[in-house]
Each structure stands twice: as structure tokens, then as C-alpha cells.
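Here is the structure we will look at.
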Amino acid sequence: MMMTDEWLNIIECAEELSEMILRSDVAAEYRRASQAVYTDKNLVKAIQSFTDLKERYEEVQRFGKYHPDYNIVMKSIRADKRALDVNEQVAALRLSENDVQQLLDEVSAIIAQSVSVAVKVPAGNGLFTTSCEGGCGSGGSCSCSA
């Protein structure tokens, strides 16, 4: 493939778009929330402990309720997950992750629609299942005529 002025323009526009996303308030909030979580030594320990427990959970799941530690591991993983879920810093990080994902989904939809209304975009978000102009990618579950 030969590099043309059109391709160079597309590459420059893509780089400009990525810079705009990185400079956005949404991305800044994500970086702040991530830094708050991963600079808290106690929280990092709790996350590592939960990760280790998830590995143990995977082992227990192979045998199900017949594993001798099944009840202990199941109770522990629920308790640890709940403790992480109610932590304000972790909750803020998850919300900011969702915001970044929504921004990227919206940008993807705009780019796809600028190419053609027939371009399908991922349907894992309500944004995509409600805007069905020619192909939402949900397989018709949104009652569109795709």
C-alpha cells in the first residue's frame, strides 16, 4: 500500500483525536481515580489479596461443592469483593472507567456513522441498541429491521 496525502491526513486526524481524548476531563478523572487507588498501600494489598483469592476460587470451582474449602472460599470471596465494592476510591475508579468507556463508544459510533450508516458497532451498550439506523449489531433484539 502506498502512502498518499489522504492516508497522511487520516493518520494526523487520528493522532489529533487520540490527543483530544487523552486531554479530556473524562480521561483526567480516570487517571486521578486510578492514582488514588494504586497509591493507597492498604488498598493495593486488599486488591492483591482479592486477586490471590480469585485464583483459589478458580481451583475450588473445578471441583465445586465437593472441594473441602468450598464454603470457606465462597464466603471469603463474597466478603472481600463486597469490601472492595464499597470502598469509595474503588467505586470512583469504576465510575470513571465507565465514563471513559462511554466516551470511546460514542467516538466509535460517530466514526462508524461517518463511514456509512451500515457499519456495525459493538452492541454491548444501550447507546448502540437504541440508535438503529441500518444495523446496530444486536441481531434484531432491539426491534430494528437489521
Summing +1 per Lys or Arg and -1 per Asp or Glu among the other residues with Cβ less than 15 Å from residue 19's Cβ gives -2
Unit-weight point scatterers at every alpha-carbon of the stretch 22-130, Debye formula, q = 0.21 1/Å: log10 I(q)/I(0) is -1.02
Low-density loop trypsin sites (Lys or Arg not before Pro), the stretch 1-61, at most 16 other Cβ within 10 Å, DSSP non-H/G/I/E/B, are 23
Going residue by residue through the stretch 94-111, the Karplus relation 6.51 cos²θ - 1.76 cosθ + 1.60 with θ = phi - 60° gives ³J(HN,Hα) values, rounded to whole Hz and with x marking Gly or Pro, of 5, 5, 5, 4, 4, 5, 5, 4, 5, 4, 5, 5, 5, 5, 4, 5, 5, 5
Going fewest to most other Cβ atoms within 10 Å around each Cβ, 86, 121 line up as 86, 121
One finds, for residue 44 and residue 4 with R0 = 35 angstrom and r their Cβ-Cβ distance, a FRET efficiency to the nearest 0.05 of 0.10
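The numbers here are math on the coordinates, done by the rules we state, and not lab data. Note that the structure is a prediction, hence the values are computed from the model and not measured. Don't worry about glycine lacking a Cβ; one is built from the backbone with ideal geometry, like all the others, and counts go over all protein chains shown.
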